[in-house]
Each structure stands twice: as structure tokens, then as C-alpha cells.
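Participant: One structure is given below, represented as C-alpha cells, and several questions about it will come after.
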Amino acid sequence: MSLDAAWALDWTRRAAVLIAENRTELTELDRAIGDADHGDNLDRGMRAVVTKLDAAQEAGTLPSTPGGVLKVVATTLMATVGGAGGPLLGTAFLKAARSSDAPVWREADLVRALAEATSGLEARGHATSGDKTMADAWRPAAVAAKEAEEIGEDEAGILAAAAQAAAKGALDTEPLQARRGRASFLGERSRGHRDPGAQSSALILQAAADAARDRAGDRGSERFSGHLSDRGSDRIGDGAPASIMVVEQA
């Protein structure tokens, strides 16, 4: 199995739906230690990403590589998501996009993309694992991806390991005292709360794993049909329909 632009598109759409479904939770997490706007900001940004991809679909200019799709995600998040979230996630996606221009990504491409994304995010935020930031999800994910590759896991297995590590990393931010960002001003009072950026990052990486899992499973022969549809009940944000990638059996 290899992961192409259709997988990256599917990842993006799944991430948009997950962020929308968890918008209120993310905002409540941010209310405890931040500005109470992370869920709303990121939901708006992901909806803007979907809109931009829809426009590219209509114009016949959809990117043909995973890196091309992730570059659209990066630039759109940077332009639409306020606070630290836009620059940090935008940098992560941009570094991942630039890590490979291959039309399909294999195991080594994924490991490199996650490593580059994590390093870029850490450099942009001057943070590392343990600081109670997005890095607490991304760094464990990058490490787990590399370890999974070394024991022979395929692309789906690598992303599953990364997503599981990111989820644990987000959970593990709860007892930490924040050392970076607005939460750091709370000092000891930041303990006992999960970092919203780490949680949203875990959701985004779970979407990547889900998209890869479905391509590797019973629908492993599916291919991107070249058009989007708002079929089904998936909703984005406050009720706007999600654009869902339609697949056809090969």
C-alpha cells in the first residue's frame, strides 16, 4: 500500500469533521488555561481548508501529490486560524508538505514527514515535549512512527502507532505545568488540565490513521473518483455540510 493525494484529501476531510465534532470540547479545554477560542478557531480554519479544496476540485486544479494537498492545508490554516494554533499547525503541515514531492508516500516518507512536521512546530513555538503544548502530541507521534517503521509496519501501521502515541501524549499533558504559551502564565494552576493544542493535534493525527486504515482494509482497492460530495450526515462546525470524498471501487 502507498498513500497518494487521495489519501491526503481524505485525511483533511476527516480531520475537519473530527475538529468540528470536538469543537466545544476543545474550546472548554482552552477556557481552563487559555483564551477559550481554540475549538472555534481551528474549526473555522479546517472549514476554510475544505472550501479551498472544493474550489480546486471545481477548477480542476486539485494537487496531485500528498505534499501538494498538505501545502494547501498549511497555507490556509496560517491565514485563517488565530492565536498560536494557525502558525504552529501551519508550520507543521508545511514542513510535512516539503518533506517529499513524491506522488505516493511510502513508509519512509511518512516517518520523514512526521519528523519534519514536529521539528518545525517545535522550532516555531520554541517548545518541546513536556512543555504542555502541541509538541506533546507531535513528538511522541514522530518517535512512535519511526519505531513502527523499524519493526516493519506498513503505512497504516505507522500512522496507527503515531496516532496512539499522540493521544497518550495529549492525555499526559494533564498533570504538567505549562512552560510555554498563555497557559504558562498560570504557573501551578495550569496543572490538571489537558492542553487543547495537544488534543486537537491528536485528533488530526487520528484522522490520518483512519484514512490510511480504510485504504488498507476492505476498501483497499478504492480510488479517488475526482469529485466531492456532501452525501451523508457529516457536518462541519455550526451546520454547514462537510465535503466528503467519494470513492469508487476499482
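Participant: For segment 87-162, report the accessible area per residue in Å² (1.4 Å probe, heavy atoms, rounded to an integer).
Facilitator: Solvent-accessible surface per residue comes out at 39 Å².
Participant: Given a cut-off of under 8 Å on Cα pairs at least six residues apart, what relative contact order in percent is computed for segment 25-90? The partial results should precede the final answer.
Facilitator: Working: 59 pairs, mean separation 19.5, N = 66.
Relative contact order, segment 25-90: 30 percent.
Participant: List the lysines whose Cα lies under 19 Å from the Cα of Lys71, skipping any in the same chain that are fewer than 8 positions away.
Facilitator: Leaving aside lysines fewer than 8 places away in the same chain, those within reach of Lys71 are Lys52, Lys95.
Participant: Along each of its three principal axes, how wide is the spread of alpha-carbon positions in segment 41-150, in whole angstrom units, largest first?
Facilitator: 42, 33, 17
Participant: Let me ask another. Setting aside same-chain residues fewer than 8 positions from Lys168, which lysines have a Cα under 21 Å from its Cα?
Facilitator: In chain and number order, the partners are Lys132, Lys146.
Participant: Just the number please: accessible area per residue for segment 1-69, 1.4 Å probe, all protein chains included, in Å².
Facilitator: Ligands and nucleic acids excluded, the figure is 37 Å² per residue.
Participant: How big is the gap, in Å, between the Cα center of segment 77-109 and the Cα center of segment 118-164?
Facilitator: One Cα centre to the other: 14 Å.
The values are calculated or read from the model by the stated rules, or taken from the named source; none is laboratory data. Nothing here was measured: the structure is a model prediction, and the numbers come from that model. To get the accessible areas, we keep the full protein, side chains included, count just its heavy atoms, and leave off ligands, DNA and RNA. Shrake-Rupley method; radii C 1.70, N 1.55, O 1.52, S 1.80 Å.
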